[in-house]
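This report concerns only the one structure given below.
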2 protein chains.
Amino acid sequence: MFNATELKAKLFRGFSDTSRLGILETLRDGPRTVSEMVETTGLTQPNVSNHLACLRECGLVRREQKGKFVYYELSDERISALMELGDGLIADLAKGFYECTRY
Amino acid sequence: MFNATELKAKLFRGFSDTSRLGILETLRDGPRTVSEMVETTGLTQPNVSNHLACLRECGLVRREQKGKFVYYELSDERISALMELGDGLIADLAKGFYECTRY
DNA sequence: TCATCATATCATTATATACTGATATACTAT
DNA sequence: ATAGTATATCAGTATATAATGATATGATGA
């Protein structure tokens with residue numbers, strides 16, 4: 001059904017969209033409710049929910065209902081580690097990104 | 001122009017497409033020519049060239065012309081490290097991916 | 001039960017991105 | 001200079017994905 005490369009591409013796709021990445025960045029500071037993430041990201045509530053559903057189905061975040069709030073959190077430390085590695089890389093490669101428009 | 005989140009999303013977008021990831025995986029084994037990557041990935045030559053141009057502009061790969069061949073290689077060890085981290089994560093999260101279709 | 005708040009889903013539209021085939025450029029050897 | 005091979009670019013099309021607004025679901029407390 002899915003080979004290793006497809007799975008990995010799918011994993012990285014979780015980080016490859018500004019909105020989703022904003023959500024993941026927020027969650028690096030700990031569990032957050034949907035409405036908190038609406039606040040921090042500036043996205044609409046349905047949009048946040050959609051991305052969260054995606055991230056959850058891909059296994060990147062965990063969902064926990066507490067009363068009428070729903071808390072989300074990163075499901076694995078390595079998710080944070082990936083973002084940190086990305087931070088380091090960008091510090092060095094940043095110049096190049098300014099011209100990267102294709103695809 | 002670009003904030004940190006946009007830059008990082010752009011970085012991960014390099015890994016988020018099956019074709020590009022296939023190219024990057026090939027390059028984990030060392031420098032390769034375009035035609036070698038056409039072989040290993042099964043993509044058409046223009047498609048490989050397009051993705052390479054993208055990866056290069058984003059700073060993920062380096063280009064070196066040698067005679068009529070052009071060799072590409074990963075421009076930083078951390079690119080390989082990112083993929084390796086991804087491999088580990090997938091081993092644990094794989095089940096979830098099978099249902100991930102949205103976005 | 002009803003009203004309210006938090007979250008999720010749906011249908012639609014807009015946009016971004018990947019792929020293809022044709023063609024152009026660059027290098028090499030004869 | 002010409003032919004042959006490797007790579008790059010371009011225009012066009014198809015497809016995938018993100019965002020929106022409207023609405024539905026689920027939980028809580030009066």
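The values are calculated or read from the model by the stated rules, or taken from the named source; none is laboratory data. Everything quoted here is computed from the prediction, not taken from an experiment. Because the Cβ atoms are built from the backbone with ideal geometry, glycine has one as well, and the counts that use them run over all protein chains shown.
Results, tabulated for the structure shown:
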{"read-out": "Close pairs from the stretch A:64-76: first touching a residue at least 60 places away in the same chain (Cβ under 8 Å), partner hydroxyl-bearing (Ser, Thr, Tyr) and within 16 Å of DNA strand D (Cβ to nearest atom), Cβ under 8 Å, at least 6 apart", "value": "none"}
{"read-out": "Residue in the stretch A:64-76 that is modelled with pLDDT of 95 or more and in a helix (DSSP H, G or I) present", "value": "no"}
{"read-out": "Candidates A:ALA81, A:ALA94, filtered to the one that is at the interface with another protein chain (Cβ under 9 Å from one of its Cβ atoms), more than 8 Å from DNA strand C (Cβ to nearest atom), without any contact (Cβ under 8 Å) to a residue 12 or more places away in the chain and within 30 Å of B:PRO46 (Cβ to Cβ)", "value": "A:ALA94"}
{"read-out": "Filter result for B:GLY30 (away from DNA strand C (no atom under 16 Å from the Cβ), at pLDDT 95 or above and facing chain A (nearest Cβ under 7 Å))", "value": "no"}
{"read-out": "Residue pairs meeting the criteria (Cβ under 8 Å; at least 6 apart or on separate chains; first more than 26 Å from A:ARG13 (Cβ to Cβ), in the stretch B:20-39; second away from DNA strand D (no atom under 11 Å from the Cβ) and not in a helix (DSSP H, G or I))", "value": "B:GLY30/B:GLU73; B:PRO31/B:GLU73"}
{"read-out": "From B:LEU11, B:LEU55, residue being aliphatic (A, V, I, L, M), in a helix (DSSP H, G or I), in contact (Cβ under 8 Å) with a residue 24 or more places away in the chain and touching a strand residue (DSSP E or B) at 6+ places or on another chain (Cβ under 6 Å)", "value": "B:LEU55"}
{"read-out": "Sole exception among (1) under 15 Å from B:THR18 (Cβ atoms); (2) modelled with pLDDT of 95 or more for B:ILE90, by number", "value": "(2)"}
{"read-out": "Residues of the stretch A:56-78 that turn out to be more than 7 Å from chain B (Cβ to nearest Cβ) and away from DNA strand D (no atom under 16 Å from the Cβ), as a count", "value": "5"}
{"read-out": "Residue check for B:LEU74: within 16 Å of B:THR18 (Cβ to Cβ) and either touching a Ser or Thr at 6+ places or on another chain (Cβ under 9 Å) or among the hydrophobic types (A, V, I, L, M, F, W, C) (or both)", "value": "no"}
{"read-out": "When residues of the stretch B:10-27 are limited to those that are more than 7 Å from chain A (Cβ to nearest Cβ) and among the small types (Gly, Ala, Ser), the one farthest from B:THR44 (Cα to Cα)", "value": "B:GLY14"}
